[in-house]
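The values are calculated or read from the model by the stated rules, or taken from the named source; none is laboratory data. Quantities reported herein were computed from a predicted structural model and do not represent experimental measurements. Cβ: placed from backbone, ideal geometry, glycine included. Neighbour counts: every protein chain shown.
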């Protein structure tokens, strides 16, 4: 479904991503883990067209999207839920969801009903201003807004950041439900233990380079990963 081949991304003189290659197959949850500043968010932003690589290629459904504008990728089945949620704070929950359907306007009502089924809490707050929601509710709204475009591949950037443990578990339960319903997921997460638990495969990014890759179970049992990311 997605293939990233040898990308190099710079912020001015800073070489943020160095020869990064990864792939996501249809139906998988693939996790990208690493420390703060390793380049995880930069990888997602480059895939979604917000940043450009100096080299290599990015292929989605066998089509090169390396130079495709971010706004056009949504209609091709790619949704990006950014770090920090970035919901429209002055709009209601319902208005946020409607904004998420701008590339899929034909069945907005059904899309909203599907989101409310997955996130019942949002239904009770549909007329509430998004900026007044809790962090967990804003994360649910960001994910729900992305689902309104009917994505085939959803990229989630730090969905558990700043959330209480009980909400972290809820978010990961939702990720598993999305996966079981047919959505392919590329997950960036600092909570390596939770990410590796749900992931089919995973990559470890360190200082802008892919250092390790394997199944979620393989990396979770690796002594090196346990020491660096799991507190073992």
In the set 44, 51, 32, 73, the lone residue that is at pLDDT 95 or above, closer than 27 Å to residue 199 by Cβ, touching a strand residue (DSSP E or B) at 6+ places or on another chain (Cβ under 8 Å) and assigned to a helix (DSSP H, G or I) is 44
Any residue in segment 60-68 that is over 12 Å from residue 3 (Cα atoms), assigned to a helix (DSSP H, G or I) and without any contact (Cβ under 8 Å) to a residue 40 or more places away in the chain?
-> no
Read through the list (1) modelled with pLDDT under 90; (2) assigned to a loop (DSSP other than H, G, I, E, B); (3) closer than 22 Å to residue 26 by Cα, then give the number of the only condition that residue 151 fails.
-> (1)
From (1) under 19 Å from the mean Cα position of the chain (by Cα); (2) more than 28 Å from residue 160 (Cβ to Cβ), pick out the condition that doesn't hold for residue 50.
-> (2)
Among residues of segment 99-127 being surrounded by 15 or more Cβ atoms within 10 Å (Cβ to Cβ) and either in the same structural domain as residue 171 (by TED's automatic domain parsing) or in contact with a strand residue (DSSP E or B) (Cβ under 9 Å, 6 or more places away or on another chain) (or both), the residue farthest from residue 151 (Cα to Cα) is 125
Of the residues 67, 80, which single one is out of contact with any helix residue (DSSP H, G or I) (no Cβ under 8 Å at 6 or more places or on another chain) and either more than 29 Å from residue 133 (Cα to Cα) or surrounded by 17 or more Cβ atoms within 10 Å (Cβ to Cβ) (or both)?
-> 67
Given the residues 153, 147, which is the only one that is touching a strand residue (DSSP E or B) at 6+ places or on another chain (Cβ under 7 Å), in contact (Cβ under 8 Å) with a residue 40 or more places away in the chain, crowded, with 17+ Cβ neighbours inside 10 Å and under 28 Å from residue 38 (Cβ atoms)?
-> 153
In this structure, does residue 219 turn out to be at pLDDT 90 or above, under 12 Å from the mean Cα position of the chain (by Cα), surrounded by 17 or more Cβ atoms within 10 Å (Cβ to Cβ) and closer than 27 Å to residue 20 by Cα?
-> no
Do we find that residue 190 is at pLDDT below 90 and either surrounded by 19 or more Cβ atoms within 10 Å (Cβ to Cβ) or under 22 Å from residue 50 (Cα atoms) (or both) in this structure?
-> yes
Just a yes or no: is a residue in segment 20-28 in contact (Cβ under 8 Å) with a residue 60 or more places away in the chain, in contact with a strand residue (DSSP E or B) (Cβ under 9 Å, 6 or more places away or on another chain), buried (at least 21 other Cβ atoms within 10 Å of the Cβ) and assigned to a loop (DSSP other than H, G, I, E, B)?
-> no
Among the residues of segment 87-106, count how many are under 16 Å from residue 71 (Cα atoms) and not in a helix (DSSP H, G or I).
-> 4
